[in-house]
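Undergrad: Sending over a structure as structure tokens; questions will come in a sec.
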Amino acid sequence: MKFILTFSWEPDRQRRDEGIARFLKTGGMPPKGATLLGRWTRLDLSGGFVLLESDDPKALAEFGLRRNVLKFSNATYTLPLGATVGTEN
């Protein structure tokens, strides 16, 4: 399954800089069991989101805990969702 992890930084320059330093040190890659599909950061560096693929909830939790973020949402393609929503029961 695909998951979206959202992240944001409060306007605290020190915490933001710590997060950036941690990312540069570790490369920001997910643990074994999760695949990074993409990462987008807001231009003002106040946050963004990461697209992951995994069937391992432990790997997803580990990735989120490393970043002190636990805001995950399941992601689906619009086309299958549209086909499902457009059908009548």
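The values are calculated or read from the model by the stated rules, or taken from the named source; none is laboratory data. Worth saying up front: this structure is predicted, and the values here are computed from it rather than measured. Cβ sites come from the backbone with ideal geometry, for glycine too, and all protein chains shown count toward neighbours.
Undergrad: Take the residues of segment 16-42 that are among the polar types (S, T, N, Q) and out of contact with any Ser or Thr (no Cβ under 9 Å at 6 or more places or on another chain): which is surrounded by the fewest Cβ atoms within 10 Å (Cβ to Cβ)?
TA: Ranking the candidates gives Thr26 first.
Undergrad: Just to be sure, is Phe63 of a type in the set (A, V, I, L, M, F, W, C), at pLDDT 60 or above and under 21 Å from Glu10 (Cα atoms)?
TA: yes
Undergrad: Restricting attention to segment 43-63, and to residues there that are part of a strand (DSSP E or B) and of a type outside the set (A, V, I, L, M), which single residue is surrounded by the most Cβ atoms within 10 Å (Cβ to Cβ)?
TA: So, considering only residues that are part of a strand (DSSP E or B) and of a type outside the set (A, V, I, L, M), the one surrounded by the most Cβ atoms within 10 Å (Cβ to Cβ) is Phe49.
Undergrad: List every residue pair whose Cβ atoms sit under 8 Å apart, with the two residues 6 or more apart in sequence or on different chains, where the first one lies in segment 31-58 and is farther than 14 Å from Leu5 by Cβ and at pLDDT 90 or above and the second, anywhere, is hydrophobic (A, V, I, L, M, F, W, C) and surrounded by 13 or more Cβ atoms within 10 Å (Cβ to Cβ).
TA: Lys32/Ala59; Gly33/Ala59
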